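First the structure, in the form of structure tokens, and then the observations on it.
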Amino acid sequence: LFADEHWRLTDLLDFALITSSNDAASAIAATAGAINAGVSDYDIGRDDFIKKMNKKAEQIGMGSTTFFNESGLDIDTARSGAYGSARDMAKLFEYTLKNYPALLSATKGGSLSVNSLDNIRHEARNTDLALPHIPGLLASKTGYTDLSGGNLIVAFDPTIGRPIIISILGSTYDGRFDDVMKLVNATMELVAQGK
């Protein structure tokens, strides 16, 4: 992203989710938070946005999750930017897919090309390397920090109307893709057996 560049919110959300862009997450939190709080100070807006993230997590039953920043990036070498469980991340995906499915729809694709309102072209490649191997993919989101390790959440529908969410936390950078594929393949074997 470039300083003073202007984006449509939907394009910036898609870009952030596909590429795991921390700059995009920060821009969204600061701007949306400031607008929602009715202030012009982006730091206050960002803080308000993070408070609302935690409130929403509580409302949807994510009892093991706390956000300290909007991106989840480590604060320092001893403190993560967020804490949560695999179950909570699955709850978040389920909630989003049921209530705001369009929000995650771009994460099904391998790439995205988007122009900012300043007509600057941005090419985005999905950070989920397992993407082409997951049948009936509904959504995916990667994450990685030194403290959290490799993380990957996917939702897929191996049969019509029977979606499955797999949540991998604390793996390695590359291992998260192998881990999710082991669970996808095991799921597909069970589906083939009619279970």
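The values are calculated or read from the model by the stated rules, or taken from the named source; none is laboratory data. All values reported here derive from a predicted model rather than from experimental measurement. Quick note on the areas: whole protein, heavy atoms, side chains included, nothing else; ligands and nucleic acids left out. Shrake-Rupley method; radii C 1.70, N 1.55, O 1.52, S 1.80 Å.
Please compute P(r) over all alpha-carbon pairs of the stretch 1-46, binned at 10 Å starting from zero, and give each bin as a whole-number percent.
Over the stretch 1-46, the share of Cα pairs per 10 Å bin runs 30, 54, 16 percent.
Amide H to amide H, which residues 5 or more places from residue 157 or on other chains are under 5 Å from it, using H placed in the peptide plane?
137, 138, 164
Restricting attention to the alpha-carbon atoms of the stretch 93-195, what are Rg (one decimal) and Dmax (integer), both in Å?
Using the Cα atoms of the stretch 93-195, the pair Rg, Dmax is 15.0, 53 Å.
If I take every Cα pair under 8 Å that is 6 or more residues apart in the chain, average their sequence separation and divide by the length, what percent do I get for the relative contact order?
Values: 335 pairs, mean separation 32.7, N = 195.
The value is 17 percent.
Can you work out the accessible area per residue across the chain, with the rest of the protein chains kept in place, probe 1.4 Å, in square angstrom? Display every interim value, and only then the final one.
Numbers: 10940 Å² over 195 residues.
The answer is 56 Å² per residue.
Sequence gap at least 6, Cα distance under 8 Å: using those rules, report the relative contact order of the stretch 49-92 to the nearest whole percent. All intermediate terms of the calculation are to be shown ahead of the outcome.
Values: 55 pairs, mean separation 16.8, N = 44.
Relative contact order for the stretch 49-92 comes out at 38 percent.
Roughly how much of residue 9 is accessible, in Å² to the nearest 10, using a 1.4 Å probe?
Rounded to the nearest 10, the figure is 100 Å².
Quick check: the angle from helix 86-99's long axis to the longest principal axis of the chain, C-alpha only, nearest 10 degrees?
For helix 86-99, the angle is close to 80 degrees.
Summing -39500 (n - 2.57) over the DSSP H runs of n ≥ 4 in the chain and dividing by its residue number, what mean residue ellipticity at 222 nm do you reach, to the nearest 500 deg cm²/dmol? If you can, show how the numbers build up before the last one.
Numbers: 6 runs with 81 residues, N = 195.
Mean residue ellipticity, 222 nm, calculated: -13500 deg cm²/dmol.
Over all alpha-carbon pairs of the chain, lay out the pair-distance distribution in 10 Å bins, whole %, shortest bin first.
9, 33, 38, 17, 4, 0
Could you give each residue of the stretch 68-74 its phi-based ³J(HN,Hα) in whole Hz, using Karplus coefficients 6.51, -1.76, 1.60 with θ = phi - 60°, and x for Gly or Pro?
Each residue of the stretch 68-74 in turn: 10, 8, 7, 9, x, 4, 4 Hz.
What relative contact order, as a whole-number percentage, does the stretch 152-195 give when Cα pairs under 8 Å and 6 or more residues apart are counted?
On the way: 35 pairs, mean separation 14.3, N = 44.
Once normalised by length, the contact order is 32 percent.
Mind pulling the angle between the C-alpha long axis of helix 175-192 and the longest principal axis of the chain? Nearest 10 degrees, somewhere in 0 to 90.
Between helix and principal axis, roughly 40 degrees.
Out of the total accessible area of the chain (probe 1.4 Å, heavy atoms of protein only), what percent is carbon and sulfur?
54 percent
List, in order, the whole-Hz ³J(HN,Hα) value for each residue of the stretch 116-132 obtained from phi through the Karplus relation with A = 6.51, B = -1.76, C = 1.60 and θ = phi - 60°; use x for Gly and Pro.
With coefficients 6.51, -1.76 and 1.60, one gets 6, 5, 8, 6, 9, 7, 10, 9, 10, 10, 5, 7, 8, 6, 7, 2, x Hz.
Read phi for every residue in the stretch 11-26 and hand back ³J(HN,Hα) as whole Hz from Karplus 6.51 cos²θ - 1.76 cosθ + 1.60, θ = phi - 60°, with x for Gly and Pro.
Values, residue by residue: 5, 5, 4, 4, 4, 4, 6, 6, 9, 6, 6, 5, 4, 5, 4, 5 Hz.
Filter 52/98; 55/108; 91/141; 55/91; 51/91 down to the pairs with a C-alpha to C-alpha distance above 23 Å, please.
The answer is 55/108.
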